[in-house]
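Trainee: Here you go, one structure.
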Amino acid sequence: MSQRAPIRAAHLGLGAFFRAHQAWYTQLANQRPGAEPWGIWALTGRSPAAAEVLSAQDCRYTLLERGPDHDTPLEITSVVRADDGTDPEDWRAAIGDQNVALVTSTITEKGYLVDDDEHEAVRAGRPTSAVGRLVDGLRVRHRGNGAPLAVVPCDNLTGNGELTRRTVVDLADRVDPGLAAWIGEHVSFVSTMVDRITPSTTDSDLADTAELVGWADQAPVVTEPFSEWVIAGEFPLGRPDWHEVGATVVDDVEPFEQRKLWLLNGGHSMLAYLGLARGHRTIAEAMEDHVCLETLRRVWNDATPVLPFSTEEVAAATDALVDRFTNARIQHRLAQIAGDGSQKLPVRFVAVQKARLAAGLGLGEAFATVVAAWITHLGTDEVNDPQATALQQDLAGRSDPRERARSALTFLDEELAGHDDLVADVASAL
Ligand code: CS2
């Protein structure tokens, strides 16, 4: 085994997106002449499989950048250790290690939901959630070396640093107020906007990679050439030189998050629900359907006046998105994006409607279509959502489209459900 970078970062949620994004930025920063390399200790979420596959090949894997006409492979070696994230020994050792200066995470939107009795599980040393594991690991760090730490959430949520801080401190406070106080003083929660379209890897990706790189990589990741990372917050023990390799460091990440969530992710969710209802399979396929395309334009028009960017800047962003979404060599499955709508729609759409109402603009034109397409999706057997049972039970008792519309809207936001014209529009779209 050749010399690898020392472990200085940990990651919770070893998946394709982490390997295409944070591990890639760290790889590029490590490759700079004279750089002090950072090695990442990555832990999986629910299943150990990704760690086993990666460990079996010395934690090396190929990142395949898939452009509109060719693939460019890059070997990634910044991940130096991969383990089963459900094993307390591993997360305690990783988060408790004083050489670990930062913990990034990709736990998805639903990862921030914490059960009411999670504090008891953490006290008993058996957390069931990613946030619980983080709190448990911080407890070890607090009792051990007490070194400061930066926690860097990389999920598509508004104010992800602040949200993580609140969720972690609230839970820690119920476990041990002394721990919560220590976290408040020594742990920095960094907010980030992360962007890179990365579908789950398929068997044909494995075959393509093997042919390109000449070895049977079992853990390649296929991603688009585009990538963006906007970061705001403190790193008390330093970080890789991500800003030298394309990441942007700002004071306030919110405008960038809004731009990304409302244009890219909002566009994605709409294309997923409407596209599936219209018989499509991937984003690129849905982009060939003029009904989907027109609705996408309406989603973007609805967001434009409430985004803190000029109309020209928004137009440049949406032009770039059209190119990214129509890259047909990226097979981004609508069914994958349609998952967890209960967690995604509030930040991708409700926030836009609220901003419009606050600005005296009235509700956007596309919102009713999106909600109706989501309700339709909830009636299929392809649903994958932490709130699926509650939502489906509520809808099952109602056959009147208006009642169905009001029920789904109430779930999303009580105030919006009070708009009778919106309820009528959703019902008629249904
Ligand atoms: C997608 C995102 O699955 C989804 O909900 O909208 O994963 C999207 O591909 C990424 O945020 C792109 O950066």
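The values are calculated or read from the model by the stated rules, or taken from the named source; none is laboratory data. On a predicted model such as this, the values are computed, not experimentally measured, just so you know. Note that each Cβ is placed from the backbone with ideal geometry, even for glycine, and that neighbours are counted across all protein chains shown. Note: areas computed on protein heavy atoms with side chains; ligands, DNA, RNA excluded. Shrake-Rupley method; radii C 1.70, N 1.55, O 1.52, S 1.80 Å.
Trainee: For Ser47, Ser129, give the ranking by accessible area with the largest first, probe 1.4 Å.
Mentor: Values: Ser47 60, Ser129 15 Å².
The residues order as Ser47, Ser129, largest area first.
Trainee: Still on this structure, please answer the following. Quick one: length gained pulling Ala49 to Asn384 fully straight, 0.36 nm per residue minus the C-alpha distance?
Mentor: Gain on extension, Ala49 to Asn384, equals 118.6 nm.
Trainee: Antiparallel DSSP bridges in the chain: what percent, to the nearest 5?
Mentor: Working: 12 of 37 bridges.
Antiparallel bridges: around 30 percent, rounded to the nearest 5.
Trainee: Quick one: net charge around Gly34, please, counting Lys, Arg +1 and Asp, Glu -1 for every other residue with C-beta under 13 Å from its C-beta. Working shown, then result.
Mentor: Numbers: positive: Arg32; negative: Glu36, Asp241, Glu244.
So the surrounding residues net to -2.
Trainee: Let me cross-check Val213: its accessible surface, 1.4 Å probe, with only protein heavy atoms counted, in Å² to the nearest 10?
Mentor: Roughly 50 Å² of Val213 is accessible to a 1.4 Å probe.
Trainee: Also: How much of the accessible area of region 7-249, in percent, comes from carbon and sulfur atoms when a 1.4 Å probe is used?
Mentor: On the way: 4510 of 9430 Å².
Carbon and sulfur together cover 48 percent of it.
Trainee: Taking a virtual spin label 7 Å from the Cα of Glu244 along the C-beta vector, which residues in region 7-50 bring their backbone nitrogen under 15 Å of it?
Mentor: 25-39
Trainee: Here's another thing I want to ask about it. Pulled fully out, how much extra length does the chain show between Asp58 and Leu74, if you take 0.36 nm times their separation in residues and subtract their Cα-Cα distance? Write down the numbers at each step before the final one.
Mentor: Details: separation 16, 0.36 × 16 = 5.76 nm, distance 1.57 nm.
Taking 0.36 nm per residue and subtracting the Cα distance, the gain is 4.2 nm.
Trainee: Please check which bits of region 1-36 a label hung off Glu89 would reach, taking the label as a point 7 Å along Cα-to-C-beta and the cut-off as backbone N under 13 Å.
Mentor: none
Trainee: Follow-up question, since we're still on this one. Could you order peptides 110-117, 256-263 by the average number of other Cβ atoms within 10 Å of their residues, highest first? Write out the running numbers ahead of the final one.
Mentor: On the way: 110-117: 15.8, 256-263: 22.8.
Result, highest mean Cβ count within 10 Å first: 256-263, 110-117.
Trainee: Any chance you could look up the accessible area of Asp425 with a 1.4 Å probe, heavy atoms only, rounded to 10 Å²?
Mentor: Roll a 1.4 Å probe over it and Asp425 shows about 80 Å².
Trainee: Another question, if that's okay. Under a 1.4 angstrom probe, counting protein chains only, how are Arg324, Arg165 ranked by accessible area, largest first?
Mentor: On the way: Arg324 35, Arg165 90 Å².
From most exposed to least exposed: Arg165, Arg324.
Trainee: How large is the helix-only mean residue ellipticity at 222 nm for the chain, computed as the sum of -39500 (n - 2.57) over DSSP H runs with n ≥ 4, divided by its residue count, in deg cm²/dmol to the nearest 500?
Mentor: Working: 22 runs with 204 residues, N = 430.
Roughly -13500 deg cm²/dmol at 222 nm, from the helical runs in the chain.
Trainee: Between Glu234 and Asn145, what length in nm is gained on full extension when 0.36 nm per residue of separation is reduced by their alpha carbon distance?
Mentor: 30.1 nm
Trainee: Give me the accessible area per residue for the chain, probe 1.4 Å, as a whole number in Å². Can you show the working numbers first?
Mentor: Working: 17720 Å² over 430 residues.
Ligands and nucleic acids excluded, the figure is 41 Å² per residue.
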